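Shown next, in structure tokens, is the structure this report addresses.
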Amino acid sequence: MHFRNLAVGMSVVAVSIAIAAQAQTLVPVVGAYRLNVAKSTFGQGQPPQTQVRSFTDRGDGTFIYTNEGTNADGNPTYNSWTFKYDGLDYPTGYNAMTRTRNTVAYRVIDPYSVEVVQKANGKPNAVKNVRTISKDGKTMTYTTTGTNAQGQAANSVLVFEKQ
């Protein structure tokens, strides 16, 4: 009987730890964040004129990401996809010009930081992307480090402010 009580007690502790660990993986990102070009650094090319990244919680751990703006030449930009914070690949579309099927995976680092892994035809890009939300939820920082397809440094820090 003593062994049975010990086993039940250990099971309760294990379940409690699992629930606590899951609660720590929640990422507090919902709403729209506008790019602050003046506070951001861009590794290559011209910065966009405007950019707003939005995250909508659809329930059951599913989110919709939307990116709308105006590029440096004044042309509108838009992309959107659905994902979960589970480290799995989710389709972001097909690029007819490069003939690539693109995906993205979000891997939780801590309650405020997520690694964003972008892939083309199943191969990860040669850059590391980390999205971090400030503890007050008002600032989102998107840091990219690595090299682009041409082997050039592709380092940037984009600073977004909650709208």
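The values are calculated or read from the model by the stated rules, or taken from the named source; none is laboratory data. Quick caveat: nothing in here was measured; it's all calculated off a predicted structure. Counting neighbours? That spans all protein chains shown, and the Cβs are built from the backbone with ideal geometry, glycine included.
In contact with a strand residue (DSSP E or B) (Cβ under 6 Å, 6 or more places away or on another chain), polar (S, T, N, Q) and loosely packed, with under 13 Cβ neighbours inside 10 Å: does that describe Q163? The answer is yes for Q163.
Kindly provide the set of residues from segment 63-96 that are among the β-branched types (V, I, T) and under 18 Å from V117 (Cβ atoms), ordered by number. Passing the criteria: T82, T92. Filtered by the rule that a residue be outside any strand (DSSP E or B) and without any contact (Cβ under 8 Å) to a residue 12 or more places away in the chain, segment 52-62 gives a lone residue, D60. For segment 96-128, the candidate set comprises residues that are loosely packed, with under 12 Cβ neighbours inside 10 Å and assigned to a strand (DSSP E or B); within that set, the residue that is modelled with the highest pLDDT is D110. Selection of segment 143-159 for residues being among the polar types (S, T, N, Q), surrounded by 14 or more Cβ atoms within 10 Å (Cβ to Cβ) and outside any strand (DSSP E or B) yields N148, N155. Filter segment 129-142 down to residues that are polar (S, T, N, Q) and more than 12 Å from the chain's Cα centre (by Cα) and give me whichever is surrounded by the fewest Cβ atoms within 10 Å (Cβ to Cβ). Filtering segment 129-142 for residues that are polar (S, T, N, Q) and more than 12 Å from the chain's Cα centre (by Cα), the one surrounded by the fewest Cβ atoms within 10 Å (Cβ to Cβ) comes out as S134.
Scanning segment 51-61 for residues that are loosely packed, with under 14 Cβ neighbours inside 10 Å and either charged (D, E, K, R) or at negative phi (or both) yields a count of 3. Can you tell me which residue in segment 63-95 is nearest to the chain's Cα centre (by Cα), limited to those that are assigned to a loop (DSSP other than H, G, I, E, B) and small (G, A, S)? Among those that are assigned to a loop (DSSP other than H, G, I, E, B) and small (G, A, S), it is G87. Do we find a residue being of a type in the set (A, V, I, L, M, F, W, C), out of contact with any strand residue (DSSP E or B) (no Cβ under 6 Å at 6 or more places or on another chain) and farther than 19 Å from S113 by Cα anywhere in segment 42-57? No, the conditions are met nowhere in segment 42-57.
Inside segment 73-118, can you point out the residues that are of a type in the set (K, R) and touching a residue at least 12 places away in the same chain (Cβ under 8 Å)? If the condition is that a residue be of a type in the set (K, R) and touching a residue at least 12 places away in the same chain (Cβ under 8 Å), then K84, R101, R107 are the ones that fit.
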